[in-house]
Amino acid sequence: MALPKTPISNASMPAPARPSVAVTCALAWVFPGVGHLVQGQAGKALVFGATLLPMYAFGLWFGGQLFPFEGGEPLVLLASGAQWMMGAVRLLAGWAGLGHGDVVAASYEYGNTFLIVAGLLNVLVMFDASDLARGRKAS
Amino acid sequence: MTSHLGFMLVFAALVSPVFAALHREDLASGARFAGRLFGALVGGALVLSWVLYLAFG
């Protein structure tokens, strides 16, 4: 006797456990794309990792400077904050002694722009990962 | 590298996929979006630079 073919309801299946919003945002900050990876969007994670990391590396290669936190210089403070939005990448670059800034190089300002924009783009990536974790976007 | 055009091309090539991945869900429309954005960034910069050159050059 053949059993009737009944579709398996998705409602009866337990949803895969996903990290919380805070953990997702923290992971997205630490390393670009990891927030999306833990939310099940490996393709987007690959895109973010494969673009933001080279962008930061190009910024260092072009002679960009890793700015310190200095309260007396508002623009330097903002630039530093943007660069720190790359999390572990910024930390490793600092530990490796990179980013002293070649002020006389023709590409110095380009390097700074690459470093700052990479961090600011990662903020957008963190917001997107946060939306995924909150369920505001389909994952 | 010291070419301003080269810096601009690298910058546009790296920024475009990020915005495409943020704004589009599927690969095909994302690739189209990234291509259009890349063209808009490079083309817009070239047009603006010519306008500034003709106005103030």
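The values are calculated or read from the model by the stated rules, or taken from the named source; none is laboratory data. All figures in this text were calculated on a predicted structure; none of them were measured in a lab. As a convention, Cβ positions derive from the backbone with ideal geometry for all residues, glycine included, and neighbour counts pool all protein chains shown.
Against the definition (farther than 19 Å from A:G43 by Cα, within 20 Å of the chain's Cα centre (by Cα) and within 13 Å of chain B (Cβ to nearest Cβ)), how does A:A57 come out, yes or no? Against the criterion (farther than 19 Å from A:G43 by Cα, within 20 Å of the chain's Cα centre (by Cα) and within 13 Å of chain B (Cβ to nearest Cβ)), A:A57 qualifies. Entry remark, the range A:102-113: residues being among the polar types (S, T, N, Q) and at pLDDT 95 or above number 2 in total. Please determine whether any residue of the range A:59-80 is surrounded by 15 or more Cβ atoms within 10 Å (Cβ to Cβ), touching a residue at least 12 places away in the same chain (Cβ under 8 Å) and of a type in the set (V, I, T). No, the range A:59-80 has no match at all.
A single member of B:F11, B:F38 is crowded, with 17+ Cβ neighbours inside 10 Å, of a type in the set (F, W, Y), at the interface with chain A (Cβ under 8 Å from one of its Cβ atoms) and within 11 Å of the chain's Cα centre (by Cα), and it is B:F11. Considering the range A:11-52, the residues that are farther than 16 Å from A:A129 by Cβ and part of a helix (DSSP H, G or I) include one that is modelled with the highest pLDDT, namely A:A50.
Assuming A:M86 fulfils every condition listed in (1) more than 14 Å from every other protein chain (Cβ to nearest Cβ); (2) assigned to a loop (DSSP other than H, G, I, E, B); (3) surrounded by 16 or more Cβ atoms within 10 Å (Cβ to Cβ) apart from one, which condition is it? The single condition A:M86 does not satisfy is (1).
For (1) modelled with pLDDT under 95; (2) over 27 Å from A:L37 (Cβ atoms); (3) assigned to a loop (DSSP other than H, G, I, E, B); (4) facing chain B (nearest Cβ under 9 Å), each residue gets a yes or a no:
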{"residue": "A:G94", "(1), (2), (3), (4)": "yes, no, no, no"}
{"residue": "A:L115", "(1), (2), (3), (4)": "no, no, no, no"}
{"residue": "A:A118", "(1), (2), (3), (4)": "no, no, no, yes"}
{"residue": "A:L124", "(1), (2), (3), (4)": "no, no, no, yes"}
{"residue": "A:R136", "(1), (2), (3), (4)": "yes, no, yes, no"}
